[in-house]
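Here is the structure we will look at, set down as C-alpha cells.
The values are calculated or read from the model by the stated rules, or taken from the named source; none is laboratory data. Here the structure is a predicted model, which means the values were calculated and not measured. All Cβ positions, glycine included, derive from the backbone under ideal geometry; neighbour counts span all protein chains shown. Keep in mind that these areas ignore ligands, DNA and RNA; they rest on the heavy atoms of the full protein, side chains included. Shrake-Rupley method; radii C 1.70, N 1.55, O 1.52, S 1.80 Å.
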Amino acid sequence: MDLQPSKILIVDDILHNRIALTKVLKPLNNVEVVEASSGNEALKKLLNNDFSVVLLDVNMPGMDGYEVADIISSSQDHKHTPIVMLTAHDSSASEVLRAYEAGAIDYLTKPIESTILLNKVKQFIKISQLQAKTHYLKSERESILEAAGQGVIKFTSEGNIEFINKKACQMLGAVADKIIGSQFDKWFSHMEIEPDFDDLFMFLQTKVHKLGLYQQQIAKLIDNNKTVHLVELTCTSPKRQKNYSMIVLFQDISSRLEMESKLVHLANYDTLTQLANRACFHDNLARAINRSKRLESTVVLLLLDLDRFKQVNDTLGHDVGDELLQGVAKRLASMLRETDLAARLGGDEFAILIEDCQSSIDAEQLAKKVVSLISKPFLIQDKEICIETSIGLSRSIAGKSDKATLFKWADIALYEAKAEGRNCYKLFVPEMSVQAQKQALIQSQLRQIIDQDLLDVQYQGQFCLEENRFVGFEALVRWPKYNFGDTQVSPAQFIPIAEQSHLIHELGYQVLHQACGVLQSWQLSSDTRHLTLAVNLSAKQLNAYDFLDRLEHVLCQFDFPLAKLTFELTETAFLDNSEHVQKCMKTLINMGFSLALDDFGTGYSSLNYLQNLPFDIIKIDRCFIQRLGFCHKTTALVKAIINIADAFDMSVVAEGVENKIQLDCIAPLGCHKIQGFYFSKPIPKEEIASLISTTNITNKNALSL
Ligand code: C2E
Ligand code: MG
Ligand code: MG
C-alpha cells in the first residue's frame, strides 16, 4: 500500500502565526501543510481534503475556533479528524473545557513550544496513517469477499452467523440482516460424516481444530425456499483453538455432480442401448476374473454377433437398425441376473459376463435362451423384423485364464458357431478346429489393421498387345508387411473373412481412397495420364444402402476423369438380382465409370447378366488361361467368350497370363488386354513409373505377336 503525503491544516487569521507554525512543522517528512486564514476557508478546504490533524486557532474574527471545531466534529466525514486547539496563554479552565466539548482532542497554549507541537503532530500523523491502512485493508478484504464466487460465512463458536458475504446471501436466499445471528443447523445438514459424529457443525469444528483447514466436505444446504442444494464446504478458523469461531466457504456443486455423473455414464455406457460399453465391460471382466481367483469360481464370457444385421441396416436404414439394436439390448438385459453384465462392444457385437457360474451347462442354457429370445420377431416401425444371433462362449475357472485369452477363445467359438450355420452357440473347447482359430485370429488382426489404416495396396498392370504398352492397372489389397504376424495373409483368405464380419466396407473405402490418390497423381504426367485403374468391389459393398454416398465422399477429395476408374464386380454382387444393386450399377455407369465383370467363367456366367447389366469389360478368369494350350475345349470356350464380348461391344481382359505359351494361345483368339505375372506382378505404386518405361516389354511383346 502506497502512503499518500499526510495533510495538516493550519487555521489562523494571522499570517505571521501561520508562517511560524509551518516553519515548526518543516522537519516532518511526507507532509503537506495547508493554510486557512478563517473558519470559513478552513471548512471549504475540508470539503476536498482529509487531514491527519487540524491546528485550529481559537480567536478568529467571524467564526471562531470553537464554532469551526463544532462543525468539523459533527460532520459525518470528518468527525474522527483530530483537532488541536491553539488557545491564548491566559486561557481559563472553562475555555479549555469548551475546546474539548467542541470536539478538540488536545490544546496548546500560546506561545507554542515548537518541539511539543512537532511531536504531537507526529503522533497524530502516525495514528492517521494507521487508520488509513486499516481502512484500506478492511475495504480490500470486503471487496475480495464480495467478489468471491463462493459463499463465505463466519460462525461464532456457538454456530451463529456473524458475517456473511453477498454470494452466500444469494445462495441462502435471504438478505444479510435476516441471516446474521441464525444458527448453522438452520441452513446446513450433513450427507455423510464420520460415524462418531451426528452434528455437522461439531464435526467441522473438530476437524478445523485438528487440521487448521478442512476441505471438500459435501453437505446439504437448505435455502430460504426450502430448496436443497449440494454444497462443498471449506472450513478454517482464525485461531486454531477448539470453540473458536469458524469461517466456512462453500459453493453449489449440484450441477458439477450432475455433470460428473453424466461423464461417468458416457464413459461407461453405450449411448444407443444404455448397456455397458466395451471399456466398462473389459474392466468388469478383469475384476470378475480376479474375484474368481479368490473364490475359486467360474467366469463365463458370451460373445454375440447378430447374423445379417448389416443387411437390415443396409436395406431398411439406420433408424430401423438402431431400434433393432435397442430391442436386442432390452431383451438381453431382461434375462440377466443382477450380478451378470451385458454390454454392446460396438456395431452389432454384444457380450455377456456371467460371474460365479455353477457349471458350463448353466452357461450353455443361458446361451440357448438368448439365441431363442433374439430369434423372436421384433416389431419396429410397424414392421416385423427377424434377426438371429451367433454366440461364442469361453470360461475361466478359478481365474486361470486371463481376459485376453477369454476373448480369443470366445472369438474362436463364435467363428465356429457362424461356420456351423449361424443362429446357434458354441462353447470353446481346446479341440476346436485349428482352421476356426486361425480365421478368428485373422479377423481380429484385420480389425486392428483397418482401425489403424495400415492396409497396403499394390497395382498389377494390364498390358495392351495392340498399343504395345500398359493401358491400366488393377488395385489389389495387401496385408501389411510389418507388425501383423510373421506370415503374409493373402486377400483370397482375408477378403471372405472381411465380408463375413462387415469389415469389408471400411476395407473397400480405404483401398478406394489409396487408389484414387494414385489415379490423381497419374494425371500429372503424359506417361501415365492414359492409364485406367480398376478397383474391386465386394458384393456386400454394393448392397449397402449408403454405398453411393460414401463413394461420393471419397471422390470429392480427388480430381481425375471418372472414366479412368473401373469397378470390378463378380457375379455374387447381383446373384439375388436386387433392384438396389442394378440401380447402383446404372448410376455408376451414368457417372462415367467403367464396370468390369471379374472372374468370368467361374460362377454361373449367365448370358443374361451380360445382356441386362451394363458391363464394359469382361475379365476371363485365370482358370481358363491355365488350361489354354492343353485343353481344346477351353480354347473353344475362351474363343466363344471373346466373341460374345465382341457382340455385346465389351472389351476383354485375360487374367493370370503367366508365360509365353499362354500368351501365344490367347493373343490369336482376339484378346488384346493381358493381366498376369508374364507382364507384371502386383507392385507398389512407387514402382509403376519404372515398369511402364521398361523397354524390354516392348521386345517381349513384339516376339509374341
Ligand atoms: P481378382 O480381382 O480376380 O484379382 C486377381 C488375382 O489374381 C490377384 O490375386 C492377383 O495377384 C492374381 N494374379 C494376377 N496375375 C496372376 C498370374 O499370372 N498368376 C497367378 N497365379 N495369379 C495372378 P490377389 O491379389 O491374391 O487377389 C485375390 C482376390 O482378392 C482378387 O481377385 C479379388 O477378388 C480379391 N481382392 C483383392 N483386392 C481386393 C480389394 O481391394 N477389394 C475386394 N473387394 N476384393 C479384393
Ligand atoms: Mg479383380
Ligand atoms: Mg479376377
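Determine, yes or no, whether THR566 is more than 21 Å from ASP646 (Cβ to Cβ) and within 14 Å of ligand 1 (Cβ to nearest atom).
Answer is no for this residue.
Among (1) crowded, with 16+ Cβ neighbours inside 10 Å; (2) out of contact with any helix residue (DSSP H, G or I) (no Cβ under 7 Å at 6 or more places or on another chain), which single condition is LYS368 missing?
(1)
When residues of region 532-562 are filtered for being touching a Phe, Trp or Tyr at 6+ places or on another chain (Cβ under 7 Å), closer than 22 Å to GLN500 by Cα and crowded, with 18+ Cβ neighbours inside 10 Å, how many remain?
The total comes to 3.
Conditions: (1) of a type in the set (Gly, Ala, Ser); (2) in contact (Cβ under 8 Å) with a residue 40 or more places away in the chain; (3) under 23 Å from SER501 (Cβ atoms). SER360 meets all but one. Number of the miss?
(3)
Output the number of residues of region 616-635 satisfying the condition of being at pLDDT 90 or above, surrounded by fewer than 21 Cβ atoms within 10 Å (Cβ to Cβ) and of a type in the set (Phe, Trp, Tyr).
Counting residues in region 616-635 that are at pLDDT 90 or above, surrounded by fewer than 21 Cβ atoms within 10 Å (Cβ to Cβ) and of a type in the set (Phe, Trp, Tyr) gives 0.
Kindly list the number of the only condition in (1) of a type outside the set (S, T, N, Q); (2) open to solvent by less than 20 Å² (accessible area, probe 1.4 Å); (3) within 30 Å of LEU316 (Cα to Cα); (4) more than 11 Å from ligand 1 (Cβ to nearest atom) that fails for PRO480.
(3)
Go through (1) within 32 Å of the chain's Cα centre (by Cα); (2) more than 16 Å from ligand 3 (Cβ to nearest atom) for VAL511 and report which single condition fails.
Only one criterion in (1) within 32 Å of the chain's Cα centre (by Cα); (2) more than 16 Å from ligand 3 (Cβ to nearest atom) is unmet by VAL511, namely (2).
Given the criteria closer than 17 Å to PRO5 by Cβ and either surrounded by fewer than 14 Cβ atoms within 10 Å (Cβ to Cβ) or of a type in the set (A, V, I, L, M, F, W, C) (or both), does ASN119 qualify?
no
Take VAL518 and tell me if it is in contact (Cβ under 8 Å) with a residue 24 or more places away in the chain and within 16 Å of ligand 3 (Cβ to nearest atom).
So VAL518 fails the test.
So which residues in region 599-615 are more than 16 Å from ligand 3 (Cβ to nearest atom) and surrounded by 15 or more Cβ atoms within 10 Å (Cβ to Cβ)?
Within region 599-615, LEU610, LEU613 qualify.
Looking at region 363-381 only, could you name the residues that are of a type outside the set (A, V, I, L, M), under 19 Å from ALA413 (Cα atoms) and either touching a residue at least 60 places away in the same chain (Cβ under 8 Å) or in a loop (DSSP other than H, G, I, E, B) (or both)?
Hit for region 363-381 is GLU364, nothing else.
Please go through region 654-669 and pick out each residue that is under 60 Å from the mean Cα position of the chain (by Cα) and either of a type outside the set (A, V, I, L, M) or open to solvent by 30 Å² or more (accessible area, probe 1.4 Å) (or both).
GLU655, GLY656, GLU658, ASN659, LYS660, GLN662
Can you pull out every residue in region 191-220 that is among the aliphatic types (A, V, I, L, M) and over 33 Å from the mean Cα position of the chain (by Cα)?
Answer for region 191-220, where residues must be among the aliphatic types (A, V, I, L, M) and over 33 Å from the mean Cα position of the chain (by Cα): ILE193, LEU200, MET202, LEU204, VAL208, LEU211, LEU213.
Of all residues being open to solvent by less than 40 Å² (accessible area, probe 1.4 Å), within 16 Å of ligand 1 (Cβ to nearest atom) and out of contact with any strand residue (DSSP E or B) (no Cβ under 8 Å at 6 or more places or on another chain) in region 569-598, which is modelled with the highest pLDDT? Just the residue, please.
The extreme case among them is CYS584.
Please state which of the following conditions GLN452 fails to meet, knowing it meets all the rest: (1) open to solvent by 40 Å² or more (accessible area, probe 1.4 Å); (2) closer than 30 Å to ARG550 by Cα; (3) within 16 Å of ligand 1 (Cβ to nearest atom).
Status for GLN452: all satisfied but (3).
Just checking: which of the helices (runs of 4 or more DSSP H) contained wholly in region 242-349 hold 2 or more residues that are loosely packed, with under 14 Cβ neighbours inside 10 Å?
254-268, 278-295, 318-334
Residue check, GLN557 against (1) farther than 24 Å from GLY670 by Cβ; (2) within 16 Å of ligand 3 (Cβ to nearest atom); (3) at pLDDT 80 or above, all met but one. Which one?
Of the numbered conditions (1) farther than 24 Å from GLY670 by Cβ; (2) within 16 Å of ligand 3 (Cβ to nearest atom); (3) at pLDDT 80 or above, the odd one out for GLN557 is (2).
Here is a list of conditions, (1) more than 16 Å from ligand 3 (Cβ to nearest atom); (2) in contact (Cβ under 8 Å) with a residue 40 or more places away in the chain, and GLN675 meets all of them except one; can you say which number that is?
Status for GLN675: all satisfied but (1).
Name the pairs: first residue in region 444-462 and assigned to a helix (DSSP H, G or I), second residue among the acidic types (Asp, Glu) and open to solvent by 10 Å² or more (accessible area, probe 1.4 Å), Cβ to Cβ under 9 Å, at least 6 apart or on different chains?
SER444/ASP411; ILE450/GLU506; ASP451/GLU506
Let me confirm something: among ASP223, ASP252, ASP199, which residue is farther than 30 Å from GLU323 by Cβ and out of contact with any strand residue (DSSP E or B) (no Cβ under 7 Å at 6 or more places or on another chain)?
Unique residue meeting the criteria: ASP199.
Would you please name the residue that is nearest to ALA176 (Cα to Cα), looking only at residues in region 206-258 that are at pLDDT 90 or above and aromatic (Phe, Trp, Tyr)?
PHE250
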